[in-house]
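The values are calculated or read from the model by the stated rules, or taken from the named source; none is laboratory data. Treat the numbers as computed from the prediction; the structure is a model and nothing was measured. With ideal geometry, Cβ positions are generated from the backbone for all residues, glycine too; neighbour counts draw on all protein chains shown.
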Amino acid sequence: GAGVSQSPSNKVTEKGKDVELRCDPISGHTALYWYRQSLGQGLEFLIYFQGNSAPDKSGLPSDRFSAERTGGSVSTLTIQRTQQEDSAVYLCASSLDRRNQPQHFGDGTRLSIL
Amino acid sequence: GESVGLHLPTLSVQEGDNSIINCAYSNSASDYFIWYKQESGKGPQFIIDIRSNMDKRQGQRVTVLLNKTVKHLSLQIAATQPGDSAVYFCAENRGYSTLTFGKGTMLLVSP
């Protein structure tokens, strides 16, 4: 498709389990972002990949969170030893790697930790 | 810290009215602003953007106004339709930095 694709769309798991969330950015977009959105809240920045540069991990809330981007395209966000406070919608966005470009979002993964 | 915020959490309008959604920002270094629309269960959808060297930009039924003097941004939607009902976010950006989002305003359009 032409847009940002995220999978799974929904994920329910037990506390303490690890989860992996996937993002396929728009073709040709070299910048990729992960955000977290809690119920009724704005978007919280997590991590930013820009081309081949080292990612900006300044938004990751703890060392249980990590992300990688393989081949400059698909990205995976991993949450280890999930906690109930990790329940949220995880959104991925991509953009052209130029100054002042709009980010285009996927529909997110709704993560529920039991 | 500096942040982007919204004045009104909920705005209710009648179909056909014009809607105005406001946003205040505090970072004078921000040079790029975006409005997003988010429907339930969907990701934010890009509506319109504006760079700090502009005061106004128009799209299809939408206009964004930027007042740098008072650090204020607004989104005007003409002839609002029920399909415009959603949460609207403003976001700011500086150079290659990530976007900083406000908490959003819910727009409710009654037929």
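Here are some notes:
- B:Met54 being within 14 Å of chain A (Cβ to nearest Cβ), outside any strand (DSSP E or B), in contact with a strand residue (DSSP E or B) (Cβ under 9 Å, 6 or more places away or on another chain) and aliphatic (A, V, I, L, M): yes
- Odd one out for B:Arg57, checked against (1) under 25 Å from A:Arg98 (Cα atoms); (2) more than 13 Å from the chain's Cα centre (by Cα): (2)
- Total residues in the stretch B:77-111 satisfying the condition of being more than 7 Å from chain A (Cβ to nearest Cβ), of a type outside the set (Gly, Ala, Ser) and not in a strand (DSSP E or B): the figure is 6.
- Pairs linking a residue in the stretch A:1-29 that is without any contact (Cβ under 8 Å) to a residue 12 or more places away in the chain to a residue that is not in a loop (DSSP other than H, G, I, E, B), with Cβ atoms under 8 Å and 6 or more positions apart or on different chains, do not occur.
- Residue count, the stretch A:60-75 (criterion: of a type in the set (A, V, I, L, M) and assigned to a loop (DSSP other than H, G, I, E, B)): 2
- B:Pro44 vs. criteria within 14 Å of chain A (Cβ to nearest Cβ) and either surrounded by 19 or more Cβ atoms within 10 Å (Cβ to Cβ) or over 21 Å from A:Tyr48 (Cα atoms) (or both): yes
- Subset of the stretch A:92-113 that is among the aliphatic types (A, V, I, L, M) and at pLDDT 95 or above - its residue that is surrounded by the fewest Cβ atoms within 10 Å (Cβ to Cβ): A:Ile113
Per-residue answers, yes or no, for (1) within 17 Å of B:Gln38 (Cα to Cα); (2) in contact with a Phe, Trp or Tyr (Cβ under 7 Å, 6 or more places away or on another chain); (3) at the interface with another protein chain (Cβ under 8 Å from one of its Cβ atoms); (4) not in a strand (DSSP E or B):
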site: A:Arg22; (1), (2), (3), (4): no, no, no, no
site: A:Ser27; (1), (2), (3), (4): no, no, no, yes
site: A:Tyr33; (1), (2), (3), (4): no, yes, yes, no
site: A:Arg36; (1), (2), (3), (4): yes, yes, no, no
site: A:Leu39; (1), (2), (3), (4): yes, no, no, yes
site: A:Ile47; (1), (2), (3), (4): no, yes, no, no
site: A:Ala54; (1), (2), (3), (4): no, no, no, yes
site: A:Ser58; (1), (2), (3), (4): no, no, no, yes
